[in-house]
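K.L.:
Once you've had a glance at the structure underneath, I'll fire off some questions.
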Amino acid sequence: MMQIAQIAGREFKDYFISPIAYIVIALFLVLTGWFFFSTFFIFDRADLRGFFALLPTVFSFVIPAVTMRLFSEEMNVGSYETLLTMPVTFGDIALGKFFAALGFIAAMLVPTLSYPLFISFVGNLDPGPVAGGYLGALLLAGGFCSIGIFASSLTRNQIVAFILGSAMCFTLTVIDKMLFFVPASLASWVGYLGADLHFQSIAKGVVDSRDLIYFLSVIFLGLFATYLVMQEKN
Amino acid sequence: MFFNHKKEAVVIQVENLTKYYNDFCAVDNLSFTINPGEILGLLGPNGAGKTTTLRMLTGFFKPTSGTIQVKDFSIPEDTLKIKQIMGYLPESAPLYHNMLVFDYLGYVAAVKGIPREKRVQRLKELSELCGLNGIMHRTIDELSKGLKQRVGLAHALMTDPEILVLDEPTSGLDPNQIAEIRAIIRRIGRAKTIIFSTHILSEAESTCDRIVIINRGKIVADDTTQNLKNLDGTGASIVLSLADADPEKALALIRGIKGVRRVEQKKTESAGDCRFEIHCSISPGSSGSDTNHNNGQDHDPGRALYLAIRNTDWIITELSHKTRSLETIFQELTRGN
C-alpha cells in the first residue's frame, strides 16, 4: 500500500517537473474550451452537455500522451531495472503508475470546474448532470489510463505506445457508432463495448451499475494485461 | 589477502542456473556459492552472461531453470524478501534523470520502507559514506558518470543490506573515479557479502577474495586469486640470460636442476649470449615466504639455478621470475570468442 502511494507520488510529481504536463493541460483546455464555447451560446442551454460530449474523443488522444512514458521511458532509460529490483511487486508498480496518471487527469479537469461555475451565473444550471459528468469523466479517464499504461508496457518506444494507446481508446469511443458494420445478432454485444455510450449515460446524471461495472472492468483488464506483460518480460 | 572460509551457512547458493533468451543460451548450468563476508568477483568477456546472472540473482529476470537460494529464501517464491536484504547497483546506474538527488534518495528510502522520521538521518549517513555532500540539491541529469555511480551506490546501500550486488561498478569511469568507488566498496565491504562483475582484471585481483570466471554462460574457473595463478604449476617460470656461455652446456646444466620441467631457448643477437625461459613445476622464489603453494617443499629452482651457474664462469645478465598474470589466465580460459 505504502509502495503504491510512493510510486504514484513520484510519478505524479515527475509529470510536473517536465514541461509535457503544462503543454498537455494547456492544449486540453484550449481545445475543449474552444469547441465547447464556440457553440455554447448558439444552443443557448445552461448545461455542460457539449463539453462532456467532447471528452471521450479528446481523452482518446490526450490520455495516451500522458501515459505513454510511464513504462516506455523507464525501459528505455533502464531505470525499469532499478525499479523492479526494489522491494515492490508488479501490482504495486502498475497501480502506482495508474493512480499517478489518473491523478494527473483529475488535475487537468480541475480548471474546467470554472465552466459550471460561470454557467451558473448566466443561467439555471442543474447540478445533477454536472456531478455525474465529472464522475463519468474520472471513470472514463481511469479506463483510458489503464489502456494507455498497457500500451506503454508493450514497447520501449513512446511514440509507438502513444499510437497503440490512442488506437485502442479511439476504437472504444467510436465503436458504438459503427454498429451497422457488425451482424445484427452481435450488435448489442459490440454496442456494449462502447465507452462513449456508457459515459454519456453517466453524464446524464444517471449512475447505472452497468456503466460502473463497464468502466471498472476496463480498468481492471487494462491493469491486469499490464501485469501479465511485466511478468512475461521478466 | 583476507580469506573467510569458515564453513558457516553459505549466503548465496546457485545451482544449475540456466537462462535462455528464445533460442540463445545466455547462462548455461551455472553453480556456485558465496560465503558470508566474501567479496566475489564475476569475470568474463562481454556477453559471457555476467549481467544476466546478476539480474537473476536480484530477481529482475526469472531463470529458465535452476535454483537460487539466498539465505533461507529462494527465487522465485520469496523474490520480494530477497529484494529486501539485497542492495543492487545495475550497470551504469540507470536512475530517474530529472529528479534531484535528495528527492530521489528520499523516494528510494520511502519505497524501501525506512520510516519517515529516520529518512533524513539515513540520507545524511549515506551522503557522508558515498561522498554526496555537495550534490544533494542537483538534478541527477547534470551529474557526471562517477557521481551518478555514487548516487546508485547510495541507492543500493539504503537499507544497509547484508548482500550487495554490483554490476560493473567502475565501467566507464576515469582512474580517479575508479579509485573513489573502489575505496567506498572497500569501506562498506568489511561487514558485507559483495558480489560484483567486472572485466578489469587488476580490479578483481586487488579487491576480490574469490574469482569466478565465466565464458559463454559457463563457469571456467572458480577459485581464489592465488590458486588461479598457480593453477597447475605452469604459471611459474624463470627468464635467464647468460653471456660468455656455451648454449649446449648451459641447456644441459639447466635441465639437470630439480624442479625444472621444460626449457625454451630464445634467440639472441650476439653469439656467446644465450637466453632461456625455464618452466618450473615448483614455484620459484616462494620458499620460506608462503609454503602453501609449492606442495610444502622448500626446494627453490631459482636458488638452485643460481648456485649451479655460480660454479661456472658464465655471466648472468638477467635472472627474473615470471608469474602468470591473471590476464593471461583470463585469455587462456576465455579464448575462442
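No lab work stands behind these numbers, since they all come straight from the coordinates. Being a predicted model, the structure only gives us computed values, none of them experimental. No Cβ is skipped: glycine too gets one built from the backbone with ideal geometry, and neighbour counts run over all protein chains shown.
K.L.:
What 222 nm value per residue comes from the helices of chain A, counting each DSSP H run with n ≥ 4 as -39,500 (n - 2.57) and dividing by all residues, nearest 500 deg cm²/dmol?
P.N.:
-27000 deg cm²/dmol
K.L.:
Cross-link partners among lysines for A:LYS13, C-alpha distance below 22 Å, same-chain residues fewer than 8 apart left out?
P.N.:
Those lysines meeting the cut-off are A:LYS97, B:LYS112, B:LYS148.
K.L.:
Sort B:ILE257, A:ILE159, B:ILE194 so that the residue with the fewest other Cβ atoms within 10 Å of its own Cβ comes first and the one with the most comes last.
P.N.:
Ranking B:ILE257, A:ILE159, B:ILE194 by Cβ neighbours within 10 Å, fewest first, gives A:ILE159, B:ILE257, B:ILE194.
K.L.:
Taking chain B as the reference, fit the longest principal axis to its C-alpha atoms, fit the long axis of helix B:101-111 to the helix C-alpha atoms, and give the angle between the two in degrees, 0 to 90, nearest 10.
P.N.:
80 degrees
K.L.:
Next question. Based on the Cβ-Cβ distance from B:LEU251 to B:ASN227, what FRET efficiency comes out when R0 is 22 Å, to the nearest 0.05?
P.N.:
Once the sixth-power term is evaluated, E becomes 0.10.
K.L.:
While we're here: Looking at chain B, send over the antiparallel percent of its DSSP beta bridges, to the nearest 5.
P.N.:
70 percent
K.L.:
Then there is this: Between B:GLU168, B:GLU248, B:GLU318, find the one with the highest GNM mean-square fluctuation for chain B; connect C-alpha pairs within less than 10 Å.
P.N.:
Most flexible of the set in this elastic network: B:GLU248.
K.L.:
Follow-up question, since we're still on this one. Testing the spin-label approximation: label points 7 Å from Cα along Cα→Cβ at A:VAL174 and A:SER188. State their distance in nm.
P.N.:
If labels sit at A:VAL174 and A:SER188, their model points lie 2.7 nm apart.
K.L.:
Which of the DSSP-defined H helices in chain A satisfy a minimum axial length of 15 Å, computed from C-alpha atoms, and a minimum mean Kyte-Doolittle hydropathy of 0.0?
P.N.:
TM-like helix candidates: A:2-17, A:20-43, A:49-67, A:90-109, A:127-154, A:158-174, A:209-233.
K.L.:
Using a Förster distance of 56 angstrom, determine the FRET efficiency expected from the C-beta separation of B:ALA179 and A:ASP126, and round it to 0.05.
P.N.:
Computed FRET efficiency for B:ALA179 and A:ASP126 comes out at 0.15.
K.L.:
Please determine, in degrees from 0 to 90 and to the nearest 10, the orientation of helix B:175-189 with respect to the longest principal axis defined by the Cα atoms of chain B, where the helix direction is its Cα long axis.
P.N.:
Orientation of helix B:175-189: about 70 degrees from the principal axis.
K.L.:
Nearest 10 degrees, 0 to 90: what angle lies between the long axis of helix B:116-130 and the longest principal axis of chain B (Cα atoms)?
P.N.:
The angle comes out at about 20 degrees.
K.L.:
Okay, moving on. Remind me, relative contact order of chain B in percent, using alpha carbon pairs under 8 angstrom and six or more residues apart?
P.N.:
Reported as a whole number, the value is 18 percent.
K.L.:
Report the paramagnetic label zone for B:HIS97: residues of the range A:158-192 whose backbone N is under 15 Å from a point 7 Å from Cα along the Cα-to-Cβ axis.
P.N.:
Answer for the range A:158-192: A:158.
K.L.:
B:ILE211's amide H: which non-local residues (gap 5+, or another chain) put their own amide H closer than 5 Å, with H modeled 1.01 Å from N in plane and none for Pro or chain starts?
P.N.:
B:GLY41, B:ASP223, B:THR224, B:THR225
K.L.:
On to the next question. Going by the alpha-carbon gyration tensor, a ≥ b ≥ c the square roots of its eigenvalues, is the range A:73-165 rounded (a/c under 1.5) or, if a/c is not under 1.5, prolate (a/b greater than b/c) versus oblate?
P.N.:
Cα axes put the range A:73-165 in the prolate bin.
K.L.:
Another one. Just want the answer: with Cβ charges of +1 for Lys and Arg and -1 for Asp and Glu, which residue in B:LEU326, B:GLN121, B:HIS97 is farthest toward the dipole's positive end in chain B?
P.N.:
B:GLN121
K.L.:
Moving on. Using a ≥ b ≥ c from the Cα gyration tensor of the range B:73-122 (square roots of the eigenvalues), is it rounded, prolate or oblate, where a/c under 1.5 gives rounded and otherwise the larger of a/b and b/c decides, a/b for prolate?
P.N.:
Oblate shape, in that a/c is at least 1.5 and b/c is the bigger or equal ratio.
K.L.:
Okay, next question. Looking only at the range A:65-100, which residues have a backbone nitrogen under 18 Å from a spot 7 Å from the Cα of A:VAL160 in the C-beta direction?
P.N.:
A:65, A:67-81
K.L.:
If contacts are Cα pairs under 8 angstrom and at least 6 residues apart, what is the relative contact order of the range A:1-124 in percent?
P.N.:
51 percent
K.L.:
Just the number, please: percent antiparallel of the DSSP beta bridges in the protein assembly as shown, rounded to the nearest 5.
P.N.:
The antiparallel fraction comes to roughly 70 percent.
K.L.:
Compute from the Cα atoms of the protein assembly as shown the Rg and the Dmax, the latter being the longest Cα-Cα distance, and quote both in angstrom.
P.N.:
33.7, 122
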